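Colleague: Starting off with a structure, shown below.
The values are calculated or read from the model by the stated rules, or taken from the named source; none is laboratory data. What you see is a predicted model, and the numbers here were worked out from it, not measured in a lab. Here the Cβ positions follow ideal geometry from the backbone for every residue, glycine too, while neighbour counts run over all protein chains shown. Heavy atoms of the whole protein, side chains included, go into the accessibility calculation; ligands, DNA and RNA do not. Shrake-Rupley method; radii C 1.70, N 1.55, O 1.52, S 1.80 Å.
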Amino acid sequence: MNPISIGKPPFITEDLVDYLDEFLDLYKDRPIQDNEGGMLSPHMFAAWLITKKIQPESIIESGVYRGQGTWLLERAAPMATLTCIEPDYNRIEYLSKKAKYITSDFSKTDWGAEDLD
């Protein structure tokens, strides 16, 4: 049986240690100190590291909650276009000046009509 390859992983195990201090320096300056109900540090580290290594051209964040993930993604990939989906816009505490916000539910968004640039 031949192994299936899906491409090169975006990071190696050593990156977890090598990038941890950089992440911790960034994380201590986060805008929302208590993000209970949203991403916490372990998930944020994984999302930040993968995004930092991949450097995508665009990011769609589904479920903004208070905005901590938005803040983190902006710092991981500062050149990416960022589209944020959050039906409850009023609970967002950190609003990005460069992100586009969509308040419809992800499953009800007409992606053909959305300008994501």
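Colleague: Starting from the range 41-60, take each residue that is farther than 14 Å from Phe11 by Cβ and list its partners that are in a helix (DSSP H, G or I), counting only C-beta distances under 6 angstrom and pairs at least six apart or across chains.
Modeller: Cβ pairs passing all conditions: Met44/Leu72; Ile59/Leu73.
Colleague: For the range 33-62: of the residues being touching a Gly at 6+ places or on another chain (Cβ under 9 Å) and surrounded by 19 or more Cβ atoms within 10 Å (Cβ to Cβ), which is farthest from Gly7 (Cα to Cα)?
Modeller: For the range 33-62, the residue satisfying everything is Asn35.
Colleague: While we're on this one: For the range 34-49, state whether one or more residues are more than 17 Å from the chain's Cα centre (by Cα) and either of a type in the set (A, V, I, L, M) or farther than 25 Å from Ala113 by Cβ (or both).
Modeller: Scanning the range 34-49, I find at least one residue that is more than 17 Å from the chain's Cα centre (by Cα) and either of a type in the set (A, V, I, L, M) or farther than 25 Å from Ala113 by Cβ (or both), so the answer is yes.
Colleague: Related question: List the residue pairs whose Cβ atoms are under 7 Å apart, where the first residue sits in the range 19-34 and is closer than 16 Å to Gly67 by Cα and in contact (Cβ under 8 Å) with a residue 12 or more places away in the chain, the second is surrounded by 15 or more Cβ atoms within 10 Å (Cβ to Cβ) and among the hydrophobic types (A, V, I, L, M, F, W, C), and the two are 6 or more positions apart or on different chains.
Modeller: Close Cβ pairs (under 7 Å, with a partner that is surrounded by 15 or more Cβ atoms within 10 Å (Cβ to Cβ) and among the hydrophobic types (A, V, I, L, M, F, W, C)) amount to Tyr27/Met44; Arg30/Trp71; Pro31/Trp71.
Colleague: (1) part of a helix (DSSP H, G or I); (2) loosely packed, with under 15 Cβ neighbours inside 10 Å; (3) aromatic (Phe, Trp, Tyr): which one isn't true of Trp111, the others all being true?
Modeller: The single condition Trp111 does not satisfy is (1).
Colleague: May I pose another question? Keeping to the range 63-82, report how many residues are within 16 Å of Ile50 (Cα to Cα) and either open to solvent by 20 Å² or more (accessible area, probe 1.4 Å) or not small (Gly, Ala, Ser) (or both). Walk me through it before giving the result.
Modeller: Residues of the range 63-82 that are within 16 Å of Ile50 (Cα to Cα), as a first pass: 69-80, 82.
Subsequent filtering for residues that are either open to solvent by 20 Å² or more (accessible area, probe 1.4 Å) or not small (Gly, Ala, Ser) (or both) retains 70-75, 78-79, 82.
Of the residues in the range 63-82, 9 are within 16 Å of Ile50 (Cα to Cα) and either open to solvent by 20 Å² or more (accessible area, probe 1.4 Å) or not small (Gly, Ala, Ser) (or both).
Colleague: Does Ile102 satisfy the criteria of being surrounded by 12 or more Cβ atoms within 10 Å (Cβ to Cβ), modelled with pLDDT under 95, in contact with a helix residue (DSSP H, G or I) (Cβ under 6 Å, 6 or more places away or on another chain) and farther than 18 Å from Pro31 by Cβ?
Modeller: Working: surrounded by 12 or more Cβ atoms within 10 Å (Cβ to Cβ): yes; modelled with pLDDT under 95: yes; in contact with a helix residue (DSSP H, G or I) (Cβ under 6 Å, 6 or more places away or on another chain): no; farther than 18 Å from Pro31 by Cβ: yes.
When the stated conditions are applied, Ile102 does not pass them.
Colleague: Which residues, counting only those in the range 66-90, are of a type in the set (Val, Ile, Thr) and under 13 Å from Met39 (Cβ atoms)?
Modeller: If the condition is that a residue be of a type in the set (Val, Ile, Thr) and under 13 Å from Met39 (Cβ atoms), then Thr70 is the only one that fits.
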